[in-house]
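Throughout, read-outs are computed from the coordinates displayed, never taken from laboratory work. Given the structure is predicted, the values throughout are model-derived calculations rather than measurements. Here the Cβ is made from the backbone with ideal geometry for all residues, glycine too, and neighbour counts use every protein chain on show.
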Amino acid sequence: MSQMQTATRPPMVDAQPAVFVRMAAVVRMTGLGRSTIYRLMAEDKFPSPVRLAKRAIAWRRIDLEQWSAGRPTVSH
């Protein structure tokens, strides 16, 4: 008789809960205005938000951090 092996996923040890950031905080974090954020989203150059409720959106903090890390740095 053969035994059927089941695949189990390892426990997520390093998993952190998702942190969501609303528009006002995104503006403060990035230094960008609302219209610039929406323009960059339309050009696929800024992370897309997730819908929290019918009239509420927010961005995943990790997405914003990754976007920011990928931006070129400027030295004056």
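Basic side chains Lys and Arg get +1 at the Cβ, acidic Asp and Glu get -1 at the Cβ, and with that the dipole of region 20-69 about its Cα centre reaches some 320 debye. The length gained on full extension between Met29 and Ala69, counted as 0.36 nm times the residue separation minus their Cα-Cα distance, comes to 13.1 nm.
Counting beta carbons within 10 Å around each of Glu65, Glu43 and listing the fewest first gives the order Glu43, Glu65. Normalise the Debye intensity by I(0) for region 20-69, one equal point scatterer per Cα, no solvent, then take log10 at q = 0.15 Å⁻¹ and round to two decimals. Ignoring solvent entirely, the Cα scatterers give -0.34. Across region 62-76, computed HN-Hα scalar couplings (Karplus, 6.51 cos²θ - 1.76 cosθ + 1.60, θ = phi - 60°) run 4, 5, 5, 5, 5, 4, 5, 5, x, 6, x, 8, 10, 10, 9 Hz from first to last residue, x flagging Gly and Pro.
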